[in-house]
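Down below is the structure, laid out as structure tokens.
Quick note: the coordinates plus some simple rules give every number you see, no bench work behind them. What you are looking at is a predicted structure, and each value in this text was computed from that prediction instead of being measured. Here Cβ is always computed from backbone atoms with ideal geometry, including for glycine, and neighbour counts include all displayed protein chains.
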Amino acid sequence: MAQQTCVEDFEVNFGDYVPLSTLDWPGKASVVFFLRDCPFRCPYCQNYSILNGYELVESSQIKQLMETSRPFVSSVVISGGEPLQQEQAVSGIAQMARDMGLLVGIHTNGVYADVLEDLLEKELVDGVFIDVKASLENAEDYGRMIGYGSYPSVTISPADAVNNVQRSIKLAMENGLLQELRTTVLPGFMDSPGDIESIASSIAKCAGRDVAYFIQQGETEHSMDRNLRDL
């Protein structure tokens, strides 16, 4: 029986949730919470409907959803958007999951390395999944993939983004919690063998040893950029 702790009330800028998923943490059944907002605007983003706006939900509602799924799952996955943009909410959800004896997985773009480090220090995370948008040695490509220069809301510099992603990868590895790195490919977006080879090479240099790296095919018809939907 997990030791119960007192989780302070918190609010979540809530996007959506999936009561039972076997896809978001391979090998595990998970309840998945999607949190709103993201500092990136990747043209191919599939979850663009939750990148903006507010739908504040009380922690008691999150707890109720988690308790409903609890008999059928072994883990909670916190995704987005970019969940680590809401540090208090992620910490609260993770502690809630801990109290229910559930594992905690984080899907992140890696840009909030400080937040990830804090969660790891608190031992609130069991698995980290990081999106790698482009080669970690090519800030220009990374900037293009995250919408830098195309969307005013993207204010982080590509160089800072790359540095933070590298740090997040190293933090997850040092704690033995890195589950997978992944890259989404679409026509015109990191879709050539050379692109993938470059990304994989940069990951190897950053990680220092073999890691699980997955290539996932994006769906153009569901992309944020309307110009991609006709490809």
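For this structure, a couple of remarks:
- Region 98-174 and region 175-231 have their alpha-carbon centroids 14 Å apart.
- Using the average count of surrounding beta-carbon atoms within 10 Å as a protection proxy, the listed peptides 16-26, 75-85 rank, highest first, as 75-85, 16-26.
- Pairs of lysines in the chain (C-alpha under 21 Å apart; 8 or more residues apart or interchain): 6
- For the chain, the normalised intensity computed at q = 0.10, 0.12, 0.15, 0.16 Å⁻¹ comes to -0.44, -0.64, -1.01, -1.15 (log10 of I(q)/I(0), Debye sum over alpha carbons, equal scatterers, no solvent).
- Charge dipole (debye, nearest 20) of the chain; +1 at Cβ of Lys and Arg, -1 at Cβ of Asp and Glu: 300 debye
- Degrees separating the helix 59-69 axis from the principal Cα axis of the chain, which is the longest one: 90 degrees
- Seen from every direction in turn and averaged, the convex hull around the alpha carbons of region 132-206 projects onto 5.2 nm².
- Among the trypsin sites (Lys or Arg not before Pro) found in region 123-231, those both in a DSSP coil and sparsely packed, with 15 or fewer other Cβ atoms within 10 Å of their Cβ, are R209, R229.
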